[in-house]
Amino acid sequence: MDVIWFVIVTLVGGTIIGLLGKLVAPGDRDRIPFWLTVVCGIIGMLVGSYLYWVLFGSNNPRFDGHKATPDNSTNGIDWIRHLWQVAVAAVAVMVAATVTGRSRRT
């Protein structure tokens with residue numbers, strides 16, 4: 001059951017982060033296919049979370065009686081980590097649009 005939950009969360013999160021990344025990416029990036037948007041979102045989730053943890057997460061002090069981990073580095077919703085994820089997804093969308101030749105050049 002844990003694997004199914006992981007896949008569902010990854011796909012839903014990748015879709016949301018990918019669409020947000022596509023939204024904030026400069027230029028016309030709407031021409032990449034939906035599946036590539038989801039892949040960019042998943043990349044954004046994984047790489048953005050990793051970068052956030054490397055830069056900020058390990059410096060967090062103990063809270064609630066346990067040490068901060070990559071999965072749980074704050075007490076609440078970690079908005080800054082999500083911003084990192086969207087930024088990485090935006091870069092991934094720009095790279096994907098350039099590599100696939102689907103960006104419109106004006």
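Residues in the stretch 51-106 that are loosely packed, with under 14 Cβ neighbours inside 10 Å, of a type in the set (Phe, Trp, Tyr) and modelled with pLDDT of 65 or more: 1 in all.
The residue list 44, 18, 48 contains one member that is at pLDDT 70 or above, in contact with a Phe, Trp or Tyr (Cβ under 8 Å, 6 or more places away or on another chain), outside any loop (DSSP other than H, G, I, E, B) and not polar (S, T, N, Q), which is 48.
The values are calculated or read from the model by the stated rules, or taken from the named source; none is laboratory data. What you see is a predicted model; the values in this text were computed from it and never measured. We place every Cβ from the backbone using ideal geometry, glycine too, and count neighbours over all the protein chains shown.
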